[in-house]
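Asker: This is the structure, below, for whatever I ask next.
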Amino acid sequence: MNGQRTRRLGFLATASVAAALLIAAPAEAAKPSSGGSWGTGTAVSPVEQPDPTRGSQLNDVAVNASGLALAAWDRFSYNNGGGATIGAAVETAGRWSAPVTFGTTGYSMSPRVAVSPKGDLAVSWTYQDSATQPSPYEKKQVAVRRAGSTTWETTTLASQPVGGTQGLAIIVPVAFDAAGNLTAAWSIWNGKTHDVQVATLPKGGAWSTATTLEPSFDGISPALVVNSAGAAAVAYATSPYTSTGSTAIRYAYRSTPLSGWATPVTVSETVPWSVGYASSPSVGLDVAGIATVAWFGSGVEASRQRADGTWTGPTTVVGLMAAGSSYSAPDLAVDDAGNAVLALWIFDATINVDRSSAWVSRGTAAGTWGTPQRLTDPAVPVDAYAAQAAISPDGKLAVVGWVDHYHGTVQAARLDTATGKWVTSTIGKGTAFSSFQEVIAINVASSSVARIAWKYARGGTQTMVADYRP
C-alpha cells in the first residue's frame, strides 16, 4: 500500500479455541499461478529457543519497490534467568544478511519495521527492565539505519515505570514517507491514563519532542499509517479501563511531516461496557490523505472519510456469527486511489463448523463494502489464523495471507483483478506450537514486489520470509 502501516495481531476471544500440536516440515516453494508466484521461503533467523508458554513471539517484514527488505523478530532466551532481544536481517539484491541483535539485557519485545523508498531502515520495539531490579522501567525504542550507512542508531522515545496497565500498549508502529522522514507512534502509561504519543525523525534531522495527541485521554492500541507525501494518521481505542464507562475509536491526522496534529475525532460508535468494546483499530490513507479506519465492535466495522473531512459513519463489514465465535483484529490495507482490502480470521462456533476461517472484504473509495468472502472452506479440516492483508499503491497486487494451523501450511491469496477472484497458493510449511501463537506479516511495495514472513517451529523457532515473483 502507499507508505507503511501498522499490522494488527492477536484476537478478541469470546470462546476458547483448542488446537493440536503440529510438527512442521521445511518450507516449500509455491506453484506458479497466473500473475505471479511466491518463491521458496528463506530462513532469515537461526533456530531460536522454543516458544514461551504464553505470547505470540511476533515478527514483522517490510520491503521497498527496489527489493530492499527488512525482517525482525522476537528472540526469547531461557539462559541465565531468561530475557528477550530483537533479531533483524536485511535483504539486499536477493540475499539476506546475517542477523543483528538489538537489546542485551532485560526484555526487548514486539518489533515493527519500516523501509523507505530511498533505502532507509527502521526497527522499533518495547524494552522492559527485569522485574528483579529495584525500579524497573519500560522504554519505547527505535533503531534507524540511513541509506548508504551500515550503522544503526538507537533512540529511546519515551519511558515509564513498569506497572499499572501499560501492558496494553506494547507495539510501536513506525513508517517512512517517500522522502525518508520517519514517524513513530505508541501508547504509554503516565500513572493515571495511557497517553497516545507520536514523534518524527526528519531526513537528516533529529527526533522531534513526543506529542501527546489527547492529554488526559486514556488511549491504547495505536495504528499508524504514512502516505508517500508525508501525511500521517493514527487510529486508537479508548482503554476499557478508563473511567468513562464506554469505549470508542479515535482518529488523528497530520498533513505534512512538519505540521501539527489536528484535533482527534471519534469515527466509531461509542460502546458502553455493558454492551461490549470498540477495539483493535487499523487505518489506511490514500494518496490524497483521505482515510479509512476499521475496528472490532459489533462485528468488524469501518468508516471512510469524505473529501470534506466528514465520515461515512460506522458500516458493518463482517457481522457477528454464532455465540461463542472468536474474531481476530481486522487488518486493513488501502491503495493510492482509496480502495481497501480488509482481512481477518473468525473461529466460527456454528454447529458442524467449529473451525477458523480466513475472511476478506473489499471497500471502495466511496466507503462502500462488498459482501465478505470466506477464503477457506469450512466443510474441510482447515483452521486459518493470523490473517493479514496488503495492497500495492496502484492496486494491482492485493494479497491476503494466513496460516492453516491444521495442516501446518502458510497460505497466500492473490486477487485476480481480471476476474475478481482470489487465487490461493501454499507458500510454505511451518507454524507455531499452538494456534494463538501463529503470526504472519505481509508487505507489498509494488505490483511486482512483496514479502511474507512467518514463524516456523520445529525443535525451536525460525523466522521465514518468501518473496513474490511476477
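The values are calculated or read from the model by the stated rules, or taken from the named source; none is laboratory data. These numbers come from a predicted model, not from an experiment. Ideal geometry is used to build each Cβ from the backbone, glycine not excepted, and the neighbour counts take in all protein chains shown.
Asker: If we keep just the residues of the stretch 369-380 that are touching a Ser or Thr at 6+ places or on another chain (Cβ under 8 Å) and either of a type in the set (A, V, I, L, M) or within 30 Å of Thr312 (Cβ to Cβ) (or both), which is surrounded by the fewest Cβ atoms within 10 Å (Cβ to Cβ)?
Answerer: Applying the filter and picking the extreme gives Thr371.
Asker: If a residue has to be closer than 18 Å to Gly36 by Cα and either at pLDDT below 95 or among the hydroxyl-bearing types (Ser, Thr, Tyr) (or both) to count, how many in the stretch 402-415 make the cut?
Answerer: Going through the stretch 402-415 one residue at a time, the tally reaches 0.
Asker: Give me the strands (runs of 3 or more DSSP E) completely within the stretch 326-403, filtered to those with at least 2 residues that are under 20 Å from Val225 (Cβ atoms), ordered by residue number.
Answerer: Output list reads 331-334, 340-348, 355-363, 384-391.
Asker: Which ones in the stretch 407-422 are under 23 Å from the mean Cα position of the chain (by Cα) and over 19 Å from Thr463 (Cα atoms)? Let's see the steps before the verdict.
Answerer: Quick first cut of the stretch 407-422, residues under 23 Å from the mean Cα position of the chain (by Cα) only: 408-415, 422.
Listed by number, the residues that qualify are Ala413, Arg414, Leu415, Trp422.
Asker: If I filter the stretch 118-129 for residues that are among the acidic types (Asp, Glu) and closer than 21 Å to Ser208 by Cβ, do I get at least one hit? Even if it seems obvious, please write down each step before you answer.
Answerer: First, the residues of the stretch 118-129 that are among the acidic types (Asp, Glu): 120, 129.
Now restrict to residues that are closer than 21 Å to Ser208 by Cβ: 120.
Checked the stretch 118-129: at least one residue is among the acidic types (Asp, Glu) and closer than 21 Å to Ser208 by Cβ.
Quick grid of which residues meet (1) among the acidic types (Asp, Glu); (2) farther than 30 Å from Phe296 by Cβ:
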residue: Thr126; (1), (2): no, no
residue: Thr132; (1), (2): no, yes
residue: Val144; (1), (2): no, yes
residue: Ala158; (1), (2): no, no
residue: Asn190; (1), (2): no, no
residue: Ser208; (1), (2): no, yes
residue: Pro215; (1), (2): no, no
residue: Asp218; (1), (2): yes, no
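Asker: If only one of Thr431, Thr463 is in a loop (DSSP other than H, G, I, E, B) and either among the β-branched types (Val, Ile, Thr) or within 18 Å of Ser328 (Cβ to Cβ) (or both), which one is it?
Answerer: Result of the check over Thr431, Thr463: Thr431.
Asker: With Ser16, Ser37, Ser66 as the choices, which residue is assigned to a loop (DSSP other than H, G, I, E, B), at pLDDT 50 or above and among the polar types (S, T, N, Q)?
Answerer: It is Ser66.
Asker: To continue, here is another question. Take the stretch 96-119 and flag every residue that is free of Cβ contacts under 8 Å to residues at least 40 places away in the same chain, in a loop (DSSP other than H, G, I, E, B) and not aliphatic (A, V, I, L, M).
Answerer: Ser97, Gly103, Thr104, Thr105, Gly106, listed by residue number.
Asker: Please verify whether the stretch 72-95 includes one or more residues that are of a type in the set (Phe, Trp, Tyr), buried (at least 24 other Cβ atoms within 10 Å of the Cβ) and in contact (Cβ under 8 Å) with a residue 60 or more places away in the chain. Give the derivation first.
Answerer: We begin by selecting, within the stretch 72-95, every residue of a type in the set (Phe, Trp, Tyr); these are 73, 76, 78.
Filter again for buried (at least 24 other Cβ atoms within 10 Å of the Cβ), leaving 73.
Narrowing further to those that are in contact (Cβ under 8 Å) with a residue 60 or more places away in the chain: 73.
Yes, there is a match, as at least one residue in the stretch 72-95 is of a type in the set (Phe, Trp, Tyr), buried (at least 24 other Cβ atoms within 10 Å of the Cβ) and in contact (Cβ under 8 Å) with a residue 60 or more places away in the chain.
Asker: For residues in the stretch 287-318 being of a type in the set (Gly, Ala, Ser) and out of contact with any Ser or Thr (no Cβ under 7 Å at 6 or more places or on another chain), which is surrounded by the most Cβ atoms within 10 Å (Cβ to Cβ)?
Answerer: From the stretch 287-318, those of a type in the set (Gly, Ala, Ser) are 288-289, 291, 294, 297-299, 302-303, 307, 309, 313; that's our starting set.
Cutting the leftovers down to out of contact with any Ser or Thr (no Cβ under 7 Å at 6 or more places or on another chain) gives us 288, 291, 307, 309.
Values: Ala288: 14, Ala291: 22, Ala307: 8, Gly309: 10.
If we take residues in the stretch 287-318 being of a type in the set (Gly, Ala, Ser) and out of contact with any Ser or Thr (no Cβ under 7 Å at 6 or more places or on another chain), then Ala291 is surrounded by the most Cβ atoms within 10 Å (Cβ to Cβ).
Asker: Against the definition (part of a strand (DSSP E or B) and modelled with pLDDT of 95 or more), how does Ala122 come out, yes or no? Before the answer, list the steps.
Answerer: Values: part of a strand (DSSP E or B): yes; modelled with pLDDT of 95 or more: yes.
In short, yes.
Asker: For the stretch 448-461: of the residues being modelled with pLDDT under 95 and surrounded by fewer than 24 Cβ atoms within 10 Å (Cβ to Cβ), which is nearest to Lys429 (Cα to Cα)?
Answerer: Arg458
Asker: Starting from residues that are in contact with a strand residue (DSSP E or B) (Cβ under 8 Å, 6 or more places away or on another chain) and without any contact (Cβ under 8 Å) to a residue 60 or more places away in the chain, keep the ones in the stretch 347-360 and report whichever is farthest from Arg414 (Cα to Cα).
Answerer: Asp354
Asker: A follow-up question, please. Is it the case that the stretch 276-286 has a residue that's at pLDDT 95 or above, surrounded by 14 or more Cβ atoms within 10 Å (Cβ to Cβ) and not in a strand (DSSP E or B)?
Answerer: Yes, the stretch 276-286 contains a residue that is at pLDDT 95 or above, surrounded by 14 or more Cβ atoms within 10 Å (Cβ to Cβ) and not in a strand (DSSP E or B).
Asker: Tell me, which residue of the stretch 381-408 that is buried (at least 24 other Cβ atoms within 10 Å of the Cβ) and among the small types (Gly, Ala, Ser) is farthest from Ala329 (Cα to Cα)?
Answerer: Ala398
Here's the yes/no breakdown for (1) surrounded by 19 or more Cβ atoms within 10 Å (Cβ to Cβ); (2) modelled with pLDDT under 95; (3) among the small types (Gly, Ala, Ser); (4) within 21 Å of Leu201 (Cβ to Cβ):
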residue	(1), (2), (3), (4)
Ser149	no, no, yes, yes
Trp152	no, no, no, yes
Pro161	no, yes, no, no
Thr165	no, yes, no, no
Val172	yes, no, no, yes
Gly191	no, yes, yes, no
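Asker: Something else: Considering only strands (runs of 3 or more DSSP E) fully contained in the stretch 131-231, which possess at least 2 residues that are within 19 Å of the chain's Cα centre (by Cα) and over 19 Å from Gly260 (Cβ atoms)?
Answerer: It comes to 137-145, 174-176, 182-189, 219-226.
Asker: On the given criteria, is Trp402 farther than 28 Å from Asn64 by Cβ and not polar (S, T, N, Q)?
Answerer: Numbers: farther than 28 Å from Asn64 by Cβ: no; not polar (S, T, N, Q): yes.
When the stated conditions are applied, Trp402 does not pass them.
Asker: Output the number of residues of the stretch 410-440 satisfying the condition of being free of Cβ contacts under 8 Å to residues at least 60 places away in the same chain, surrounded by 23 or more Cβ atoms within 10 Å (Cβ to Cβ) and among the polar types (S, T, N, Q).
Answerer: Result for the stretch 410-440: 1.
Asker: Take the residues in the stretch 96-110 that are exposed (fewer than 12 other Cβ atoms within 10 Å of the Cβ) and among the polar types (S, T, N, Q), then tell me which one is modelled with the highest pLDDT. Before you say what the answer is, go through the steps one by one.
Answerer: Pass one, the stretch 96-110, residues exposed (fewer than 12 other Cβ atoms within 10 Å of the Cβ): 98, 101, 104-105.
From what's left, among the polar types (S, T, N, Q): 101, 104-105.
Values: Thr101: 97, Thr104: 80, Thr105: 85.
Only one residue tops the list, namely Thr101.
Asker: Next up: Of all residues in the stretch 103-118, how many are more than 21 Å from the chain's Cα centre (by Cα) and either among the polar types (S, T, N, Q) or farther than 20 Å from Trp73 by Cα (or both)? So that I can check it myself, show each step before the final result.
Answerer: So the first thing to find is which residues in the stretch 103-118 are more than 21 Å from the chain's Cα centre (by Cα), and the list is 103-106, 118.
If we keep only those that are either among the polar types (S, T, N, Q) or farther than 20 Å from Trp73 by Cα (or both) too, we end up with 104-105, 118.
Residues in the stretch 103-118 being more than 21 Å from the chain's Cα centre (by Cα) and either among the polar types (S, T, N, Q) or farther than 20 Å from Trp73 by Cα (or both): 3 in total.
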